[in-house]
Amino acid sequence: TISGEKKQAWEEQEGYVYRAERTYGSFSRTVRVPTNKYDLAMADAVFKNGVLTLTIPKLEIEPQVSKRIEVKTG
């Protein structure tokens, strides 16, 4: 879950008119990741220039190899 708060304010004055606005609010995002396919212990997060980058490596899963089974007849 990623959560944060956004705040923004600005002011403007033209002659006798003065205007100021302020906005704010919180947010959260939840991303579900299958724990049997990704190595969550090796997850990495970097926040740079307003961008959050999450890196979660996949688990090394050995490919399933076809197996020949002998059928016995009786």
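Quick check on this structure: which one of ALA20, ALA45 is at pLDDT 90 or above and either within 30 Å of ILE61 (Cβ to Cβ) or assigned to a loop (DSSP other than H, G, I, E, B) (or both)? Break it down into steps so the answer makes sense when it comes.
Details: ALA20 fails: either within 30 Å of ILE61 (Cβ to Cβ) or assigned to a loop (DSSP other than H, G, I, E, B) (or both).
After ruling out the rest, the residue left standing is ALA45.
Within the stretch 5-25, the set of residues being closer than 30 Å to THR55 by Cβ and either over 28 Å from the mean Cα position of the chain (by Cα) or open to solvent by 100 Å² or more (accessible area, probe 1.4 Å) (or both) comprises GLU5, LYS6, LYS7, GLN8.
Name the residue that is least open to solvent (accessible area, probe 1.4 Å), counting only residues in the stretch 27-45 that are closer than 19 Å to LYS6 by Cα and within 13 Å of the chain's Cα centre (by Cα). Talk me through it step by step, then tell me what you get.
Kept after step one, since they are closer than 19 Å to LYS6 by Cα, are these residues of the stretch 27-45: 27-30.
From what's left, within 13 Å of the chain's Cα centre (by Cα): 28-30.
Details: SER28: 67, ARG29: 145, THR30: 94 Å².
Looking at the filtered set, the residue picked out is SER28.
The values are calculated or read from the model by the stated rules, or taken from the named source; none is laboratory data. Bear in mind that the values here come from a model prediction, so they are computed numbers and not experimental data. Cβ: placed from backbone, ideal geometry, glycine included. Neighbour counts: every protein chain shown. These area figures cover heavy atoms from the full protein model, side chains too; ligands, DNA and RNA do not enter into them. Shrake-Rupley method; radii C 1.70, N 1.55, O 1.52, S 1.80 Å.
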